[in-house]
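The values are calculated or read from the model by the stated rules, or taken from the named source; none is laboratory data. Small disclaimer: the values here were computed from a predicted structure and weren't measured. With ideal geometry, Cβ positions are generated from the backbone for all residues, glycine too; neighbour counts draw on all protein chains shown. Side chains are part of the model used for accessible areas, which takes the heavy atoms of the whole protein and leaves out ligands, DNA and RNA. Shrake-Rupley method; radii C 1.70, N 1.55, O 1.52, S 1.80 Å.
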Amino acid sequence: DVKVTQSSRYLVKRTGEKVFLECVQDMDHENMFWYRQDPGLGLRLIYFSYDVKMKEKGDIPEGYSVSREKKERFSLILESASTNQTSMYLCASTETSGGLYNEQFFGPGTRLTVL
Amino acid sequence: DQQVKQNSPSLSVQEGRISILNCDYTNSMFDYFLWYKKYPAEGPTFLISISSIKDKNEDGRFTVFLNKSAKHLSLHIVPSQPGDSAVYFCAASHGSNYKLTFGKGTLLTVNP
(Lines give C-alpha, C1' and ligand atoms only; values in the text may rest on other atoms or scores of the structure.)
Protein backbone atom coordinates (compact mmCIF):
# COMPACT_ATOMS: atom_id res chain seq x y z
CA ASP A 1 0.00 0.00 0.00
CA VAL A 2 1.44 3.33 -1.06
CA LYS A 3 2.22 5.79 1.66
CA VAL A 4 3.06 9.47 1.97
CA THR A 5 3.55 10.71 5.50
CA GLN A 6 3.91 14.20 6.87
CA SER A 7 5.72 14.96 10.10
CA SER A 8 2.88 16.81 11.83
CA ARG A 9 -0.89 16.94 11.45
CA TYR A 10 -1.22 20.21 13.35
CA LEU A 11 1.37 22.90 13.99
CA VAL A 12 1.20 26.29 15.69
CA LYS A 13 4.05 28.74 15.20
CA ARG A 14 4.80 32.39 15.92
CA THR A 15 5.35 35.07 13.33
CA GLY A 16 9.01 35.21 12.33
CA GLU A 17 9.80 31.61 13.31
CA LYS A 18 11.55 29.26 10.88
CA VAL A 19 9.26 26.33 10.15
CA PHE A 20 10.12 22.93 8.71
CA LEU A 21 7.50 20.64 7.22
CA GLU A 22 8.70 17.15 6.42
CA CYS A 23 7.32 14.69 3.92
CA VAL A 24 8.38 11.09 3.36
CA GLN A 25 7.19 8.64 0.71
CA ASP A 26 7.89 4.94 0.58
CA MET A 27 7.06 4.34 -3.09
CA ASP A 28 10.48 5.18 -4.57
CA HIS A 29 8.87 8.01 -6.52
CA GLU A 30 11.10 10.47 -8.33
CA ASN A 31 8.70 13.39 -8.20
CA MET A 32 7.51 15.17 -5.08
CA PHE A 33 5.33 18.22 -4.61
CA TRP A 34 4.26 20.72 -1.97
CA TYR A 35 0.84 22.38 -2.17
CA ARG A 36 -1.17 24.59 0.05
CA GLN A 37 -4.93 24.44 0.23
CA ASP A 38 -7.01 27.45 1.18
CA PRO A 39 -10.81 27.82 1.14
CA GLY A 40 -12.02 29.01 -2.24
CA LEU A 41 -8.56 28.77 -3.77
CA GLY A 42 -8.14 25.03 -4.25
CA LEU A 43 -4.70 23.43 -4.29
CA ARG A 44 -1.85 25.69 -5.30
CA LEU A 45 1.60 24.35 -6.11
CA ILE A 46 4.43 25.84 -4.05
CA TYR A 47 7.49 23.83 -5.15
CA PHE A 48 8.25 20.50 -6.73
CA SER A 49 11.23 18.25 -7.24
CA TYR A 50 12.03 15.81 -10.04
CA ASP A 51 15.06 14.29 -8.42
CA VAL A 52 17.37 14.45 -5.43
CA LYS A 53 18.82 17.93 -4.93
CA MET A 54 16.65 19.23 -7.73
CA LYS A 55 13.81 21.70 -7.23
CA GLU A 56 11.59 23.93 -9.28
CA LYS A 57 9.27 26.74 -8.33
CA GLY A 58 5.57 26.23 -8.56
CA ASP A 59 2.90 28.89 -8.78
CA ILE A 60 3.36 30.48 -5.34
CA PRO A 61 6.98 29.99 -4.17
CA GLU A 62 7.39 33.34 -2.42
CA GLY A 63 8.24 32.97 1.25
CA TYR A 64 9.10 29.27 0.92
CA SER A 65 12.10 27.12 0.14
CA VAL A 66 12.57 23.36 -0.15
CA SER A 67 15.18 20.71 0.36
CA ARG A 68 15.52 17.24 -1.12
CA GLU A 69 18.64 15.50 0.11
CA LYS A 70 17.23 11.98 -0.21
CA LYS A 71 14.86 10.53 -2.76
CA GLU A 72 12.18 9.66 -0.22
CA ARG A 73 12.18 12.95 1.69
CA PHE A 74 11.05 16.43 0.62
CA SER A 75 11.06 19.29 3.11
CA LEU A 76 9.23 22.61 2.91
CA ILE A 77 10.80 25.51 4.78
CA LEU A 78 9.16 28.74 5.81
CA GLU A 79 12.16 30.99 6.44
CA SER A 80 10.21 33.52 8.49
CA ALA A 81 6.62 32.50 9.07
CA SER A 82 3.90 35.06 8.52
CA THR A 83 0.20 34.98 9.33
CA ASN A 84 -0.73 34.74 5.63
CA GLN A 85 1.04 31.37 5.57
CA THR A 86 -1.59 29.90 7.85
CA SER A 87 -2.94 27.10 5.69
CA MET A 88 -3.25 23.37 5.06
CA TYR A 89 -0.02 22.07 3.53
CA LEU A 90 -0.14 18.94 1.40
CA CYS A 91 2.73 16.85 0.13
CA ALA A 92 2.37 14.53 -2.86
CA SER A 93 4.50 12.21 -4.94
CA THR A 94 4.31 10.49 -8.30
CA GLU A 95 6.50 8.19 -10.30
CA THR A 96 8.23 8.96 -13.56
CA SER A 97 6.31 6.67 -15.85
CA GLY A 98 7.40 8.16 -19.12
CA GLY A 99 3.79 8.06 -20.12
CA LEU A 100 0.73 10.15 -19.63
CA TYR A 101 -0.46 8.93 -16.27
CA ASN A 102 0.31 11.43 -13.56
CA GLU A 103 -1.70 10.32 -10.58
CA GLN A 104 -0.24 11.92 -7.48
CA PHE A 105 -0.45 10.33 -4.05
CA PHE A 106 -1.05 12.73 -1.19
CA GLY A 107 -0.10 12.78 2.44
CA PRO A 108 -2.65 13.57 5.17
CA GLY A 109 -1.71 17.25 5.32
CA THR A 110 -0.33 19.59 7.97
CA ARG A 111 -2.60 22.29 9.31
CA LEU A 112 -0.24 25.18 10.09
CA THR A 113 -1.38 28.15 12.13
CA VAL A 114 0.91 31.17 12.39
CA LEU A 115 0.06 33.51 15.26
CA ASP B 1 -5.18 32.79 -15.32
CA GLN B 2 -7.25 29.90 -14.04
CA GLN B 3 -6.75 27.01 -16.45
CA VAL B 4 -9.03 24.56 -14.65
CA LYS B 5 -12.36 25.87 -13.42
CA GLN B 6 -14.97 24.38 -11.18
CA ASN B 7 -17.69 26.97 -11.24
CA SER B 8 -19.93 25.42 -8.62
CA PRO B 9 -18.48 25.85 -5.12
CA SER B 10 -21.09 23.51 -3.70
CA LEU B 11 -23.70 20.94 -4.65
CA SER B 12 -26.36 19.26 -2.55
CA VAL B 13 -28.16 16.05 -3.60
CA GLN B 14 -30.40 13.45 -2.04
CA GLU B 15 -29.12 10.00 -1.24
CA GLY B 16 -29.73 7.62 -4.12
CA ARG B 17 -29.86 10.36 -6.74
CA ILE B 18 -27.20 11.26 -9.29
CA SER B 19 -24.47 13.79 -8.47
CA ILE B 20 -22.95 15.64 -11.40
CA LEU B 21 -19.82 17.68 -10.82
CA ASN B 22 -18.52 19.84 -13.63
CA CYS B 23 -15.12 21.09 -14.67
CA ASP B 24 -13.98 23.32 -17.53
CA TYR B 25 -10.45 23.88 -18.79
CA THR B 26 -8.87 26.42 -21.07
CA ASN B 27 -5.50 24.85 -21.95
CA SER B 28 -5.92 22.72 -25.09
CA MET B 29 -2.59 21.03 -24.31
CA PHE B 30 -4.11 19.15 -21.38
CA ASP B 31 -4.42 15.48 -22.25
CA TYR B 32 -5.00 13.78 -18.93
CA PHE B 33 -7.67 14.59 -16.37
CA LEU B 34 -8.20 13.36 -12.85
CA TRP B 35 -10.74 13.69 -10.08
CA TYR B 36 -9.72 13.70 -6.45
CA LYS B 37 -11.91 13.47 -3.38
CA LYS B 38 -10.99 15.18 -0.12
CA TYR B 39 -12.45 14.82 3.35
CA PRO B 40 -11.75 17.50 5.97
CA ALA B 41 -8.36 17.16 7.69
CA GLU B 42 -7.23 14.50 5.20
CA GLY B 43 -5.19 14.55 2.03
CA PRO B 44 -6.91 14.21 -1.35
CA THR B 45 -7.39 10.69 -2.65
CA PHE B 46 -7.43 9.75 -6.30
CA LEU B 47 -10.86 8.81 -7.58
CA ILE B 48 -10.89 8.36 -11.34
CA SER B 49 -9.07 9.61 -14.42
CA ILE B 50 -9.48 9.88 -18.18
CA SER B 51 -7.06 10.47 -21.03
CA SER B 52 -7.90 12.68 -23.95
CA ILE B 53 -8.16 9.73 -26.31
CA LYS B 54 -11.33 8.64 -24.53
CA ASP B 55 -14.64 10.31 -23.90
CA LYS B 56 -15.82 8.15 -21.01
CA ASN B 57 -14.32 6.16 -18.18
CA GLU B 58 -16.32 4.21 -15.63
CA ASP B 59 -15.39 2.74 -12.27
CA GLY B 60 -18.26 1.39 -10.24
CA ARG B 61 -20.56 4.22 -9.22
CA PHE B 62 -18.21 6.82 -10.73
CA THR B 63 -18.12 7.85 -14.38
CA VAL B 64 -16.11 10.65 -15.93
CA PHE B 65 -17.12 12.15 -19.26
CA LEU B 66 -14.83 14.24 -21.42
CA ASN B 67 -15.99 16.63 -24.15
CA LYS B 68 -12.80 17.89 -25.78
CA SER B 69 -14.48 20.24 -28.19
CA ALA B 70 -16.18 22.01 -25.29
CA LYS B 71 -13.13 21.63 -23.02
CA HIS B 72 -15.45 20.22 -20.41
CA LEU B 73 -15.48 17.19 -18.18
CA SER B 74 -17.93 15.94 -15.63
CA LEU B 75 -18.00 13.39 -12.85
CA HIS B 76 -21.20 11.41 -12.35
CA ILE B 77 -21.84 9.56 -9.11
CA VAL B 78 -24.75 7.11 -9.21
CA PRO B 79 -26.27 6.40 -6.78
CA SER B 80 -24.99 9.05 -4.40
CA GLN B 81 -24.33 8.01 -0.83
CA PRO B 82 -23.84 10.10 2.34
CA GLY B 83 -20.23 8.89 2.49
CA ASP B 84 -19.62 10.65 -0.82
CA SER B 85 -19.95 13.99 0.95
CA ALA B 86 -16.56 15.65 0.42
CA VAL B 87 -14.76 18.25 -1.65
CA TYR B 88 -14.07 17.08 -5.20
CA PHE B 89 -11.15 18.51 -7.15
CA CYS B 90 -10.72 18.33 -10.87
CA ALA B 91 -7.09 18.27 -12.10
CA ALA B 92 -5.35 18.24 -15.48
CA SER B 93 -1.90 17.66 -16.92
CA HIS B 94 -0.24 17.41 -20.31
CA GLY B 95 2.28 15.02 -21.76
CA SER B 96 5.09 13.92 -19.54
CA ASN B 97 4.77 17.04 -17.42
CA TYR B 98 4.22 15.67 -13.95
CA LYS B 99 2.59 18.80 -12.66
CA LEU B 100 -1.13 18.83 -12.06
CA THR B 101 -3.26 21.94 -12.34
CA PHE B 102 -6.19 21.82 -9.93
CA GLY B 103 -9.56 23.49 -9.90
CA LYS B 104 -10.84 25.19 -6.76
CA GLY B 105 -13.04 22.28 -5.78
CA THR B 106 -16.75 21.58 -5.32
CA LEU B 107 -18.20 20.65 -1.95
CA LEU B 108 -20.67 17.81 -2.44
CA THR B 109 -23.23 17.16 0.30
CA VAL B 110 -25.34 14.03 0.03
CA ASN B 111 -28.35 14.21 2.31
CA PRO B 112 -29.81 11.01 3.79
- In nm, spacing of pseudo-spin labels at residue B:17 and residue B:2 (7 Å Cα→C-beta vector): 2.4 nm
- Query: Using +1 on the beta carbon of Lys and Arg, -1 on that of Asp and Glu, and nothing else charged, what's the dipole of region B:4-111 about the Cα centre, debye to 20?
  - Reply: 220 debye
- Net charge dipole size for chain A [Lys, Arg +1 and Asp, Glu -1 on Cβ; Debye, nearest 20]: 460 debye
- Where is the GNM fluctuation largest for chain B (alpha-carbon springs, 10 angstrom cutoff): B:86, B:41, B:70? B:41
- Query: Under a point spin-label approximation (7 Å from Cα along Cα-to-Cβ), what is the residue A:52-residue A:79 distance to one decimal in nm?
  - Reply: 2.6 nm
- Task: Set the Förster distance to 35 Å, then compute FRET efficiency between residue A:10 and residue B:59 from the Cβ-Cβ distance, nearest 0.05.
- Result: 0.60
- Query: Assigning unit charges at the beta carbon (Lys, Arg +1; Asp, Glu -1) and nothing else, what dipole magnitude in debye, to the nearest 20, does the protein assembly as shown show about its Cα centre?
  - Reply: 420 debye
- Are any of the pairs A:18/A:71; A:71/B:56; A:18/B:5; A:13/B:38; A:13/B:104 more than 31 Å apart by Cα-Cα distance, and if so, which? A:71/B:56; A:18/B:5
- Query: DSSP loop trypsin sites (Lys or Arg not before Pro) in region B:1-49 with at most 15 other Cβ atoms within 10 Å of their Cβ, which ones?
  - Reply: B:17
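What per residue convex hull volume, in Å³, do the alpha-carbon atoms of chain B yield?
101 Å³
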- Item | Given charges at Cβ of Lys, Arg, Asp, Glu: region B:4-111 dipole, positive-most of B:20, B:106, B:67 | B:67
- Residues in region A:68-88 reached by a label modelled at residue A:17 [backbone nitrogen below 18 Å; 7 Å Cα→Cβ]: A:76-88
- Item | Where A:29, B:72 fall by accessible area, highest first, once all protein chains stay in place (1.4 Å) | B:72, A:29
- Query: Using just the C-alpha positions of the protein assembly as shown as equal point scatterers, what log10 of I(q)/I(0) does the Debye formula give at each q in 0.12, 0.13 1/Å?
  - Reply: -0.65, -0.76
